[in-house]
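So the structure is just underneath, and the comments pick up after that.
The values are calculated or read from the model by the stated rules, or taken from the named source; none is laboratory data. Keep in mind it's a predicted model, so treat the numbers as computed, not measured. Note that each Cβ is placed from the backbone with ideal geometry, even for glycine, and that neighbours are counted across all protein chains shown.
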Amino acid sequence: MDTSLTPSDASPPAAPATEVRAGNGRRPGFGTLLAVDLWERFSFFGMAAILVLYLTAAEERGGMGMAPQTATALFAAYMSLCFLAGLPGGWLADRVLGARRAVLLGGTLITCGHAVLAVPAPGTLYAGLLLVVTGTGLVKPAMAAMVAGVGGDGEGRREAAFALFYVCIQVSALVAPVVTGLLAERVAWHLGFAAAAVGMTAGLLQFALGLRRYGDVGARPPRPVPGPEAAALLRRAAWATAAVGALLVLPAACGLLPLTAGLAVLGLTTVALPFWYLRSLRRSHPPEGRQAHRLAGFTALMAASAAFWMIFAQSGSVLSLFAERHTDRDLFGFEVPASWFQSVHPLFVLLVAPLLARLWLRAGPRADVPVKFAGALIAAGLSFLLMAVAARLAEQGPVGPHWLLLVYLLYSCGEIALAPAGLALAATVAPPGSTSRLLAVNGMFGAVGVVVGGQLFRLTTVLSPTAYFLLLGSLVLTTGTTVAIGTPRLRRLLTL
C-alpha cells in the first residue's frame, strides 16, 4: 500500500504569498516535483521489495536469519509507522518548518537511513528503519502540500495534478523492485539498500537545485508557531526521536529487548489509535443530527477497509516469501528474482485504472462508496482464497507464476476502487475545519490493517499456509459481503 498520497498526509496548504506563473497557467516546478517524488518513491518501494527477503535470508547469505513470522511482523510495523509518522510530520510542516524545509530535512533523514541499512554491520537495521520512518513522516505531507501549491489553481487543475502524481508513483513502484531486487538478490543485500540511498540523494539534489522555480510555495509554514515556541517544539521532537532510539531501537539492536514483545505493544497502540482519535474529534467538534449519522457511516466503512489493507499489505512480505520459496521463477533459463513480483501490482494499476474509471462513469450513482468498498473487500478475499489453492498445490512442488499474477490483479482492482473512494468520503463527511483530521483517520485505519496482518501471520506456526490463506480470505470475503448487504443502510447514513 502506497503512503505518499494517503490521508495522513493531508494538511491543507495555504496559498502562497507570491505566485510564479508559466505561460500555460501552471506554476513552474511541477515537473521537478514529479521527478523528486519519483526518486523518493524509488527509494521507498525499492527497500520495501527486498526488506523481508533480507530479514529471512540465512546469515551465511548475508541476511538476518529471522523466522518468517517475525520478519513479517517487523515489516508490517515499519509500514504502519510510515503511515502514522505523517501525523506529526504534517503538523511540523504546517506549523514549524514549512513544506520546503520539511522535504529537505525528511529526505536527508531517509537518505541517512538507507545509508545506515547499507552498512553490513550488526545493529544497523533498527537505526536505519527509524531514520527512514522519521524522514518519510516529514516528506510525505510536505510533498503533497507542494504539489497542491504548484499544480495550479482550481479544483480541476489540482485533481489533475494529483492524478499525474499518482501515475508517477506507480512508475516508481514498477521500476524500483527491478533495480534494487537484482542488486540485492544477485550481488549483495546491502547493495540494494545503497541503491535506495542513491535514489533519494538524487531526488534531494534535484529538489534543492530547483528551489527557485517554486516562488514562495512551501517557503514558510502556512500557520506558523511563534519563533521561541517553534524552537522548543523542534527540540522536543528531536529529544522524542532520540528517546525512542535509546529506549527501543538501541536495546532491540543489542538483543536486550524482545522484538516480539515490542511489536505486540506497537500493534495494540496502532489498533487503538484511530478509535481514540475519532473520540477526541467528536469531543472537540460534537456532531449533531445529519453529521453524526455521516460520521457513523464513515467509521463503519473505515473499520471495514482495515480488512482490505490487512491482506493488501502482505504483498511485500507473505507473497514475497511465497514467490521466493514456492513459485517456479524460471524464464527461459533465467531465474526471475522474487522481488521483481513487487512490480506486477503497479503495472496492473496503470493498465486497469482507465478501464475501471470508464466503468464508474457508466455505472453512475450506483457505483457509490459502499459499493466500491464491498467490491474491493470481496476482491481481496478472493485473492487469498486463490492463494489457498496455490499453497495447496505448492505442497507437491513449485507452482506457476500465474497464481501470483491473478492475485496481484485482484489487489489492483481493489485498490483502485477503495483508495480514492476512501479519500473522497473522508473529505465529504468531515465537520467544518476537520478535513485534515478525517483524512488522517483514513490513513490510521490503513495502518491498523497493515499491523494486524503482520501479527496474524504468526498463526502459520500452528496453521499450514493453505489454512492461513483460507482463514484470512474467508474473513475478508465475509466482511465484504456484510458491507454489500448493509449498503442500503450505509447509503442512508451517508446521505441523511
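If you go through region 98-126 and keep only what is crowded, with 18+ Cβ neighbours inside 10 Å and not aliphatic (A, V, I, L, M), you end up with Gly98, Arg100, Arg101, Gly106, Gly107, Thr111, Cys112, Gly113, His114, Thr124, Tyr126.
The helices (runs of 4 or more DSSP H) found entirely in region 56-133 that carry 2 or more residues being at pLDDT 85 or above are 68-84, 99-117. In this structure, is Phe44 surrounded by 22 or more Cβ atoms within 10 Å (Cβ to Cβ), of a type outside the set (D, E, K, R) and at pLDDT 85 or above? Judged against the criteria, Phe44 is not a match. Residues that are surrounded by fewer than 16 Cβ atoms within 10 Å (Cβ to Cβ), within 30 Å of Arg325 (Cβ to Cβ) and more than 25 Å from the chain's Cα centre (by Cα) within region 464-496 comprise Ser464, Ala467, listed in sequence order. Listed conditions (1) closer than 20 Å to Arg220 by Cβ; (2) out of contact with any Ser or Thr (no Cβ under 7 Å at 6 or more places or on another chain) are all met by Val133, apart from (1).
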